[in-house]
Amino acid sequence: MDYRHFDRDAVNAPPATAKILIAGGFGAGKTTLVSAISEIRPLRTEEELTDRGVGIDDVSGVDRKTTTTVAMDFGRITMRADLTLYLFGTPGQERFWFMWDELSYGAIGAVVLADTRRLADSFAAVDYFETRSIPFLVAVNRFDGAPVTDPEDVAIALDLLPGTPVVPCDARQRESVKGVLVSLVKHALTRSPQPAA
Amino acid sequence: MSAPKDRWFDREAGPIVRPYAVTRGRTTPDSGPYIGLIDVVVAAGPLPPSGGRLGREHRRLLDHCQQPVTVVDLASDADLPVGVVRVLLGDLSECGALQIISSPPGRVTNERLLRDVLNGLQAL
């Protein structure tokens, strides 16, 4: 008797899953973007406390506490019965950087949501994805009162590698967000190794 | 008189048992492969005899994955932190009660998956 054996025919084909990261500075509109296009669900993660949390988390009197709860949410788009896309907003605060590796593991790509009034907030995310060769694009979120910026200027300001798309975005509008995600996946396809002819 | 809204009741007050109490202090699975956030898991038929030592939370998780489900959805459904779910899934997998169907590791370069996602997005 072998309980480890799993009869694949006993269930329908397992669903394929994919994920896209939504990065950007605090207040750039990540949650707005995710909720504009997907069913949003709460998630708790219990993370190891690192020294980066010291001074922010009050750890006095709980010397042996080594984990802290991080509340976040994620978006789910059921595309077909056997295909689901997940959207994960990356935690904006610097002390949650250690979660990015986990979130980016196996990701199709990433959207860096930028606010032209605070472009410097996007540097860290751009650097992270460039270093790890994760396909990404920069989506410039339209904030009321923010100056309209030429995509080329944004590319220069962020010192993007040639070929990194910069697209306009209204994180509140489903169609706009859809367009951004379509652009990202198309970009990822151009980066995908071509099968030998 | 304090306003009732200042008080937290039931689930809003948070878990009574600290999350890692249900894993007996373990923060990572005892063995087995890395379990990713969007990996799909499914209960693998009847509970084996060695399943007798599984706790209440193990069984609760197993109830939630009678159909294939991703680790994040499972954590959200069960209202448990992902780290805890991962440890419990490791236990379930080890005793044969669960099948972990891993997603592709590392960067996704599967052109077919990308095309499927592209078509799916365009059809929204």
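The values are calculated or read from the model by the stated rules, or taken from the named source; none is laboratory data. On a predicted model such as this, the values are computed, not experimentally measured, just so you know. Cβ coordinates were reconstructed from backbone atoms using ideal geometry, including for glycine residues, and neighbour counts include every protein chain displayed.
Only one of the listed residues (A:A120, A:A114) is small (G, A, S), within 17 Å of A:G25 (Cα to Cα) and out of contact with any strand residue (DSSP E or B) (no Cβ under 9 Å at 6 or more places or on another chain). That residue is A:A120. In the set (1) surrounded by 19 or more Cβ atoms within 10 Å (Cβ to Cβ); (2) more than 10 Å from chain A (Cβ to nearest Cβ); (3) of a type in the set (D, E), the condition left unmet by B:D116 is number (2).
Do we have any residue at all in the stretch A:135-154 that's within 13 Å of another protein chain (Cβ to nearest Cβ) and outside any helix (DSSP H, G or I)? Scanning the stretch A:135-154 turns up at least one residue that is within 13 Å of another protein chain (Cβ to nearest Cβ) and outside any helix (DSSP H, G or I). Just to check your reading of the model, which residue among B:Q99, B:Q122 is free of Cβ contacts under 8 Å to residues at least 24 places away in the same chain and at the interface with chain A (Cβ under 8 Å from one of its Cβ atoms)? None of the other options fit; the residue is B:Q122.
The residues of the stretch A:177-197 that are in contact (Cβ under 8 Å) with a residue 24 or more places away in the chain and of a type in the set (G, A, S), listed by number, are A:S183, A:A188.
Say whether the condition of being at pLDDT below 90 and under 26 Å from B:P81 (Cα atoms) is met by at least one residue in the stretch A:131-153. No - not one qualifying residue is present in the stretch A:131-153. Can you find a residue that is at pLDDT below 90, at the interface with chain B (Cβ under 9 Å from one of its Cβ atoms) and in contact with a helix residue (DSSP H, G or I) (Cβ under 9 Å, 6 or more places away or on another chain) anywhere in the stretch A:106-125? Checked the stretch A:106-125: no residue is at pLDDT below 90, at the interface with chain B (Cβ under 9 Å from one of its Cβ atoms) and in contact with a helix residue (DSSP H, G or I) (Cβ under 9 Å, 6 or more places away or on another chain).
Residues are listed down the side, and each one gets a yes or a no for (1) over 18 Å from the mean Cα position of the chain (by Cα); (2) outside any helix (DSSP H, G or I); (3) not acidic (D, E):
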site	(1), (2), (3)
B:S31	no, yes, yes
B:I35	no, yes, yes
B:G45	no, yes, yes
B:S50	yes, no, yes
B:E57	no, no, no
B:D73	no, no, no
B:V84	no, no, yes
B:L92	no, no, yes
B:N119	yes, no, yes
